[in-house]
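Below is one structure, written out as structure tokens; comments come after it.
The values are calculated or read from the model by the stated rules, or taken from the named source; none is laboratory data. From a predicted model like this one, the values you see are computed outputs, not experimental measurements. Quick reminder, even Gly has a Cβ in these numbers, built from the backbone with ideal geometry, and neighbours come from all protein chains shown.
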Amino acid sequence: MITRNGAEAAILIGLRRPRQRRWEVEESLEELGRLTEAAGARVLASVMQEREAPSPALHYGRGKVDELARLAEALGADLLISDDPLTPVQERNLQRALGRRVIDRTALILDIFAQRARTSEGKLQVELAQLTYLLPRLVGQWAHLERLGGGIGTRGPGETQLESDRRVIRRRIREIEDDLQDVRRHRRLLRERRRDLGLPVVALVGYTNAGKTTLLNRLTGAGAPTRDQLFVTLDPAARLVAAAAHQPFILTDTVGFIRKLPPQLVAAFRATLEELGEADLLLHVADVSHPRLEEQMSAVHRTLQALDLADKPILLVLNKVDRLGGQDGGLRQLTDEGGIPVSALTGEGTPELLQRIEVALKVSLLHARVLVPYGRAGLLGALYERGRVLRREDRPDGILLDVELPQRLAGLVAGLEA
């Protein structure tokens, strides 16, 4: 999105159907504008069309497209960005009608991800999503050769090159998928090591820019980069939280969610999102100061449902209370429903959050009274290291312990119950 000579200039457009509320489309276009700026482009204008149904050829109406062409010429726009997904045919037809590049929200988000990915894993996942998105659109790259037509005697170099490009992309997709299988195996080993340590895992989820990474830094003392932008964090992070007088746990951070999250990204980031499935507890971090808080929370719930994670234990963390400025912002009702008000920036509310996390994790703990023979000192050390010893009594026949252990480590004490 960023050109060598400066920022590109874009016009945004969205379609409002009869059953959609106007503010929903306006909010989505506003978010599209923030995404555009995050990608490095300038927003010149934002346009909404009200229409019964999308046009199969252009998605938008012919009259509106002609109006957009005049507006783009008058403002000097470089490209049009559609808030709605476009088919390859619609994208190609719009580009012909406007004489300018046309992309949709999915392509825009993929561009942002390509800019933000830092690790080799993140770059692989973004490249896979981009190639999956590009493959059905390849024919548009050879539109200038369509005059050659088709059929016997008319097959020109464009078609040959197109098929060659398709083969190259399919081959590269297979290579990336193989590499990501290795990534998944590596992540599985890391998770197994964490399980062996006996530490519970808490995962941060939430709408992009809700403050998940700032909260991770606050609770762990880490220095992960944060900015007031969408999709700053792509690469997953895992840190130890070892606050005094609280049970230690591993805190993980992953990519933020958003409305209309491209399915290519969900598929490509499967190796990363599997971290959420292994978590003992999810922290849903929500920006309580955002005017569309409920819509953002709903988008997160829908994404969790799509990932089969909606049944996981979840704590709602109402972040950015420092921005409310005395206004309630729906905070009281959400707090009454179990939400935890915090400010990851200032630290307000984090002691209560740690307490609530500990209570939630106790539900998944095994409480046992065991008698450890003196000849099994190694097991004694493991129980101290991986669990929490509440009471100890040295007896002639062994050491009697009251312990708390993660359920996954129940096998350690099997047969030793006192």
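Can you tell me which residue in the stretch 371-407 is farthest from P200 (Cα to Cα), limited to those that are of a type in the set (G, A, S) and in contact (Cβ under 8 Å) with a residue 12 or more places away in the chain? Before you say what the answer is, go through the steps one by one.
The initial filter retains those residues of the stretch 371-407 that are of a type in the set (G, A, S), namely 375, 377-378, 381-382, 387, 398.
The next check asks that each one be in contact (Cβ under 8 Å) with a residue 12 or more places away in the chain; those that pass are 382, 387, 398.
Details: A382: 15, G387: 10, G398: 28 Å.
So, considering only residues that are of a type in the set (G, A, S) and in contact (Cβ under 8 Å) with a residue 12 or more places away in the chain, the one farthest from P200 (Cα to Cα) is G398.
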For this session: Could you look through the stretch 96-116, keep only residues that are touching a residue at least 40 places away in the same chain (Cβ under 8 Å), of a type outside the set (F, W, Y) and buried (at least 18 other Cβ atoms within 10 Å of the Cβ), and pick out the one that is farthest from G63 (Cα to Cα)?
Result: R116
Exercise. Any residue in the stretch 59-73 that is farther than 30 Å from G122 by Cα and under 30 Å from the mean Cα position of the chain (by Cα)?
Worked result: yes
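Considering each residue of the stretch 65-91, count those that are in contact with a Lys or Arg (Cβ under 8 Å, 6 or more places away or on another chain) and either farther than 17 Å from E8 by Cα or surrounded by fewer than 16 Cβ atoms within 10 Å (Cβ to Cβ) (or both), and give that number.
Step one: of the stretch 65-91, the residues in contact with a Lys or Arg (Cβ under 8 Å, 6 or more places away or on another chain) are 72, 77-85, 88, 91.
Checking which are either farther than 17 Å from E8 by Cα or surrounded by fewer than 16 Cβ atoms within 10 Å (Cβ to Cβ) (or both) leaves us with 83-85, 88, 91.
Of the residues in the stretch 65-91, 5 are in contact with a Lys or Arg (Cβ under 8 Å, 6 or more places away or on another chain) and either farther than 17 Å from E8 by Cα or surrounded by fewer than 16 Cβ atoms within 10 Å (Cβ to Cβ) (or both).
Any chance you could count how many residues in the stretch 215-245 are more than 24 Å from Y384 (Cα to Cα) and either at pLDDT below 80 or crowded, with 18+ Cβ neighbours inside 10 Å (or both)?
Of the residues in the stretch 215-245, the ones more than 24 Å from Y384 (Cα to Cα) are 215-218, 221-237.
Subset that is either at pLDDT below 80 or crowded, with 18+ Cβ neighbours inside 10 Å (or both): 215-218, 222-237.
The total comes to 20.
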Exercise. Yes or no: Q305 more than 17 Å from the chain's Cα centre (by Cα) and either assigned to a helix (DSSP H, G or I) or not assigned by TED's automatic domain parsing to the domain that holds V266 (or both)?
Worked result: no
